[in-house]
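Everything below concerns the one structure shown next.
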Amino acid sequence: MEATMVFRSKWFLPLFSLALGLAFGGALWAGGEGRAGVEAVTLMTVVGLVFLVGGRSEMIRGLRGDGRDEYWQRLDVHATALAGHVVIAAILVMCMWEWGHGRDGSPFVQLGAVAGVAYIVALGLLRWRS
Amino acid sequence: MEVSRQTINAIETERYTPSLPLALALARYFDSTVEEVFDGGNDGVQK
């Protein structure tokens, strides 16, 4: 039994940011928004560069994974859960907003349903695996 | 022992309870027991 540190290459997050930027740019370009596409690629490239060259910061190393140990993993799980709660709260508020204005609540109803089902499935899978 | 400076700081300031493997590794590092490192030799008994 050993205390382990999770190592992920420092290149993962910068390259992921770049790939995401290219995907966003491609989608916007395909939709006829070429200028917005270039802006998306530029923004995500800058974000990727910040992750790549910001290795002196423990925060950056923790975010990108090459400095992530069990404490950072716990922070990551809690931060993910908090972000999920914020998104679900926003979805619920938007559902009520849409209903209150006489609309059917799309797409927030569907997003809320996906969130609820995903949570139950994830809980079941984790319970089954543990 | 591959943990960050922030993790050690969080343990020292009691903001983070380490996993059992890390607690054992820390105790081994200090040539001590888990009880002595984390409970001041109190044996975990609250009176």
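The values are calculated or read from the model by the stated rules, or taken from the named source; none is laboratory data. Here the structure is a predicted model, which is why all the values come from computation and not from measurement. Here the Cβ positions follow ideal geometry from the backbone for every residue, glycine too, while neighbour counts run over all protein chains shown. We work out accessible area using only protein heavy atoms, side chains counted, and drop any ligands, DNA or RNA first. Shrake-Rupley method; radii C 1.70, N 1.55, O 1.52, S 1.80 Å.
What to note about this one:
- Test for B:Tyr29: is it modelled with pLDDT of 90 or more, surrounded by 17 or more Cβ atoms within 10 Å (Cβ to Cβ) and either of a type in the set (Ser, Thr, Tyr) or on the phi > 0 side of the Ramachandran plot (or both): no
- For region A:82-89, the condition of being within 14 Å of chain B (Cβ to nearest Cβ) and under 27 Å from B:Ile11 (Cβ atoms) holds for none of the residues.
- Extreme residue, modelled with the highest pLDDT, among residues of region A:1-43 that are under 30 Å from B:Leu26 (Cβ atoms) and open to solvent by 100 Å² or more (accessible area, probe 1.4 Å): A:Phe7
- Pairs linking a residue in region B:12-26 that is facing chain A (nearest Cβ under 7 Å) and within 15 Å of A:Leu75 (Cα to Cα) to a residue that is acidic (Asp, Glu) and surrounded by 10 or more Cβ atoms within 10 Å (Cβ to Cβ), with Cβ atoms under 6 Å and 6 or more positions apart or on different chains, are B:Ser19/A:Glu70.
- In the set (1) at pLDDT 90 or above; (2) in a helix (DSSP H, G or I); (3) not β-branched (Val, Ile, Thr), B:Tyr16 fails one condition alone, (2).
- Where a residue in region A:39-66 is at positive phi and its partner, wherever it lies, is modelled with pLDDT under 95 and of a type in the set (A, V, I, L, M), with Cβ under 9 Å and at least six apart: A:Gly65/A:Val6; A:Gly65/A:Leu13
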